[in-house]
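Everything on this sheet refers to the single structure shown next.
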Amino acid sequence: MASVFETLKERGFIAQLTHEDAIREMLEKEKVTFYIGFDPTADSLHVGHFLQMMVMAHMQRAGHRPIAIIGGGTAMVGDPTGKTDMRKMMTREEIQHNANNFKKQLSNFIDFNEGKALMLDNAEWLLDLNYVTFLREIGVHFSVNRMLTAECFKSRLEKGLSFIEFNYMLMQSYDFLKLYQDYKCNLQLGGDDQWSNILGGIDLIRRVESKESYGMTFTLLTTSEGKKMGKTEKGALWLDATKTSPYDFYQYWRNIHDADVIKCLKLLTFLPLEEIEKLAQLKDKEINEAKKILAFEVTKLIHGEEEAAKAKQAAEALFEQGGDLANMPSTEISSGELGDGLNVLDVLVKTGLAPSKGEGRRLVTQGGIQINNYKVENINLTVTKGDFNNNELIIKKGKKVYHRLVLK
């Protein structure tokens, strides 16, 4: 059986390592405690976090112990990595609300029973630090010159880097030291954009404890064109079903570019590599079978098998004339609301297919809207009761977005 190191390497997760041979040997021969941090700057995890959750699951399945750090303390400052502007300052209440949501989502994916994994909030040790003591004991080990060469800071220097953000690397490095001291955690994992912060923690442990620790980063989830995955017309692809429905989540993976399917099957599912290699042989239209498998497997991991099956049925109802339309994203409208008829622009706004009438007008004039398979060509079109078939009609926006309007 391949070690988890080989599994991560073969599936394409690993981007950079501090000590490849040592990490490989450690993961093969020891039970390692490692950590990944998640700053609760939104009220849900998104698909970018999902790749790191997959790494945690692979590691845990191999017998290693994950520590999930919910960054209730670091989120008070904000990581400047990848940001062109300073993050909006959040209140402690907002951060705590988001952290609670993260804990629920991570608990659905990682086994925290019987000490198999830990979930900690770095607010527990960061918020009570004495600033002068922190500077004397921790800040003294950091070179400003070296910090300014880090990519996360270099990219911000022209537009301006606030002093509060400049402290972020020290705080994350202190997290690693704290976990090393209290939980014997000697391996930090993260996205490749966290490389500089991880190196900062390793150097701090070396200076304070005179011990070696390790870091490993993972490829960012990008398309074959180098663009970040998980961006949709409605924004980020969230793991919370109330923010991104299981159907929309399924459809995102069902519709990804052909060139990205095999990579995503390796990174975002637990399908055996032998099975994925067989799917890699599919060409042209046959690749759609691989997309269906990807969409179902990823949706099952995040939303459960029942919701994945519903999403699959809804998609088949549209594209293959089978399945159950009831699982498509829907909006209900009463007979009173409909009255003698509603303008198509009002319908688009009500269903959320357009944020405003202006955007709805643009969609219609560009030929981007269909109702019951008929292209809408007139912005003055009125939707009436006669347009409903069995009290429902199907609206299509562009090539891939469908919505069901239900008359109650």
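Here, each number is a calculation from the coordinates, and none is a lab measurement. If you're wondering where the values come from, they're calculated on a predicted model, not measured in any experiment. Neighbour counts are summed over all protein chains in view; Cβ atoms, including those assigned to glycine, are modelled from backbone coordinates with ideal geometry.
Between the alpha-carbon centres of the range 364-407 and the range 12-52 there is a gap of 46 Å. Here Phe163 and Val406 are evaluated by their C-beta separation; at R0 = 56 Å the FRET efficiency comes out at 0.55.
Cα-based values for the chain, radius of gyration first and Dmax second, are 24.4, 78 Å. Once the Cα-Cα distance is subtracted from the 0.36 nm per residue extended length, the Glu275 to Glu332 segment shows a gain of 16.3 nm. Give me the Debye-computed log₁₀ of I(q)/I(0) at q = 0.14, 0.15, 0.25 Å⁻¹ for the range 158-246, equal point scatterers on Cα only, no solvent, two decimals. Here log10 of I(q) over I(0) equals -0.71, -0.77, -1.10.
In the chain, helices alone account for a calculated mean residue ellipticity at 222 nm of -12500 deg cm²/dmol, with every DSSP H run of four or more residues adding -39,500 (n - 2.57). Each residue, His19 and Glu124, gets one label point 7 Å from its Cα in the Cβ direction; the gap between the two is 2.7 nm.
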